[in-house]
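Right, one structure below, let's go through it.
The values are calculated or read from the model by the stated rules, or taken from the named source; none is laboratory data. Since this is a predicted model, take the numbers as computed values, not measurements. Glycine also receives a Cβ, built like all others from the backbone with ideal geometry; neighbour counts cover every protein chain displayed.
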Amino acid sequence: MKAAKLVQLLSEALEKQGYKFRNEKGNFRGGSCIFEAEKLVIMNKRFGDEERAEILARALSRMDIDSLYLLPEVREYIEQFANRLSVTVDLTAKSEEPAAK
């Protein structure tokens, strides 16, 4: 399957999970997050379809997608990323250090 078609199918699956997409410029790779109760997938504008497909698949690999209909080829692609390490950053955690006066 071509990367552009894979990106389309992965994006549709994420939309069914309630995610919206943003393409931004910057020095970052991208990924999924929840910001002020809005589910987002943020991707670097410079990336091609192969990189976009990987970011989308990584996001889906951390979700319960058993109830979603996906083509077997798409499901297999997502499963490639299911056991790989990823970094999760909780930006809502408050620091225990007192504020400087």
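Could we say that residue 21 is assigned to a strand (DSSP E or B) and of a type in the set (A, V, I, L, M, F, W, C) here?
Details: assigned to a strand (DSSP E or B): yes; of a type in the set (A, V, I, L, M, F, W, C): yes.
Here the answer is yes, as residue 21 does meet what is asked.
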*asked:* Just to be sure before I move on: is residue 11 hydroxyl-bearing (Ser, Thr, Tyr) and at pLDDT below 90 in the structure I sent?
replied: no
*Do we find a residue being modelled with pLDDT of 90 or more, touching a Ser or Thr at 6+ places or on another chain (Cβ under 8 Å) and surrounded by 11 or more Cβ atoms within 10 Å (Cβ to Cβ) anywhere in region 17-25?*
yes
*Return a yes/no flag: does region 54-66 have any residue that is over 20 Å from residue 83 (Cα atoms) and out of contact with any Gly (no Cβ under 8 Å at 6 or more places or on another chain).*
no
*Tally of residues being crowded, with 16+ Cβ neighbours inside 10 Å and at pLDDT below 90 across region 69-101*: 1
*Scan region 26-45 residue by residue and report those that are out of contact with any Ser or Thr (no Cβ under 9 Å at 6 or more places or on another chain), surrounded by 12 or more Cβ atoms within 10 Å (Cβ to Cβ) and at pLDDT 85 or above.*
43, 44
*Just one of (1) over 10 Å from the mean Cα position of the chain (by Cα); (2) over 19 Å from residue 74 (Cβ atoms); (3) free of Cβ contacts under 8 Å to residues at least 24 places away in the same chain trips up residue 29, so point out which.*
(3)
